[in-house]
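Following: one structure in structure tokens, then a few remarks.
The values are calculated or read from the model by the stated rules, or taken from the named source; none is laboratory data. Keep in mind the model is a prediction, meaning the values are calculated, not measured. Here the Cβ positions follow ideal geometry from the backbone for every residue, glycine too, while neighbour counts run over all protein chains shown. Side chains included, ligands, DNA and RNA excluded: accessible areas come from the protein's heavy atoms. Shrake-Rupley method; radii C 1.70, N 1.55, O 1.52, S 1.80 Å.
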Amino acid sequence: MLNGKANIAVLVSGGGTNLQAIIDAEKSGIIHSGKVSLVVSNVKDAYALTRAQNAGIKTAVITKKECGSAQMFEQRLIDTLEENGTDLIILAGFMSILSEDFTSHFRDRIINVHPSLIPSFCGKGFYGLKVHEAALAKGVKVTGATVHFVNEIPDGGKIIMQKAVEIQPDDTPEILQKRVMQQAEWIILPQSAELVCGEIVKGEK
Ligand code: GAR
């Protein structure tokens, strides 16, 4: 805990627009039960790291390559998160599947945002633009985003929030990705973070 607030670490791999939504939500007071104190990237030059630095948040880079194995990578992650006193881990565009060792270590303390309405277009192999390509290929008329707890099943943990987004006739994967972010992800990820932080602070989780 940090002054009565849940201590949040955000795990990223890419552009970090969801991280930005969390930072902005903390500034505006949408997130008031938690505080982001650490951003960890598994990609050295992820732009999300610059966003964190611009907001004065501590950063760390941990790559699988440098760690030598997936197991050592996860152990370094666990050590870093524990040293930081992390209460809640937010996966915001973190493109590495975490093993049961990791998820059971932080049971009910990891949430993820996924760019579809789970259980559609989710699980192993469905990440980033691939999710939107699959939705368009299937011809669904409605997609959206889901925030869920993370367990040992990829995208299989308990759902916290979902928001639907309509598909338009001329959508490309890139256009759809942007709309899903704007209309769903950037809204429900901060709201879910506040919900779970509130429960942690009250001692319910
Ligand atoms: C987001 O659309 C997020 O939902 C997705 O990657 C993008 C990251 O963008 N995550 C997954 O597909 C996880 N399975 P960002 O770095 O700009 O937040």
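When only residues in the range 92-105 that are in contact with a strand residue (DSSP E or B) (Cβ under 7 Å, 6 or more places away or on another chain) and open to solvent by 10 Å² or more (accessible area, probe 1.4 Å) count, which is farthest from the ligand (Cβ to nearest atom)?
Step by step, filter the range 92-105, then rank; the result is Phe94.
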key: Index of the failed condition, Ile187 passing every other in (1) without any contact (Cβ under 8 Å) to a residue 24 or more places away in the chain; (2) β-branched (Val, Ile, Thr); (3) open to solvent by less than 70 Å² (accessible area, probe 1.4 Å)   = (1)
request  = Would you mind finding the one in Gly144, Gly157 that is closer than 21 Å to Asp108 by Cα, open to solvent by less than 30 Å² (accessible area, probe 1.4 Å) and either touching a Phe, Trp or Tyr at 6+ places or on another chain (Cβ under 8 Å) or within 12 Å of the ligand (Cβ to nearest atom) (or both)?
outcome  = Gly157
message = Can you tell me how many residues within the range 19-44 are open to solvent by less than 10 Å² (accessible area, probe 1.4 Å), more than 11 Å from Ile57 (Cβ to Cβ) and touching a residue at least 40 places away in the same chain (Cβ under 8 Å)?
response = 3
Given (1) in contact with a helix residue (DSSP H, G or I) (Cβ under 6 Å, 6 or more places away or on another chain); (2) open to solvent by less than 40 Å² (accessible area, probe 1.4 Å); (3) touching a residue at least 60 places away in the same chain (Cβ under 8 Å), index of the condition Gly128 fails = (1)
inquiry  = Six or more apart or on different chains, Cβ atoms under 8 Å: show the pairs whose first residue is in the range 154-171 and within 17 Å of Val131 (Cβ to Cβ) and whose second is at pLDDT below 95 and open to solvent by 60 Å² or more (accessible area, probe 1.4 Å).
reply    = Pro154/Ile97; Pro154/Lys124
ask   = Which one of these does Leu195 not meet: (1) open to solvent by 10 Å² or more (accessible area, probe 1.4 Å); (2) more than 15 Å from the ligand (Cβ to nearest atom); (3) more than 16 Å from the chain's Cα centre (by Cα)?
value = (3)
message = Need the failing condition index for Thr59 against (1) in contact (Cβ under 8 Å) with a residue 24 or more places away in the chain; (2) under 17 Å from the mean Cα position of the chain (by Cα); (3) more than 13 Å from the ligand (Cβ to nearest atom), just the number.
response = (1)
task = Report yes if some residue within the range 25-45 is farther than 22 Å from Lys202 by Cα, assigned to a loop (DSSP other than H, G, I, E, B) and in contact with a strand residue (DSSP E or B) (Cβ under 6 Å, 6 or more places away or on another chain); otherwise report no.
result = yes
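Yes/no per residue for (1) within 25 Å of Pro115 (Cβ to Cβ); (2) away from the ligand (no atom under 16 Å from the Cβ); (3) in contact with a Pro (Cβ under 9 Å, 6 or more places away or on another chain):
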{"site": "Lys5", "(1), (2), (3)": "no, yes, no"}
{"site": "Gln20", "(1), (2), (3)": "yes, no, no"}
{"site": "Ala25", "(1), (2), (3)": "yes, no, yes"}
{"site": "Gly29", "(1), (2), (3)": "no, yes, no"}
{"site": "Ser37", "(1), (2), (3)": "no, yes, no"}
{"site": "Ala46", "(1), (2), (3)": "yes, no, no"}
{"site": "Thr63", "(1), (2), (3)": "yes, yes, no"}
{"site": "Met72", "(1), (2), (3)": "no, yes, no"}
{"site": "Glu83", "(1), (2), (3)": "no, yes, no"}
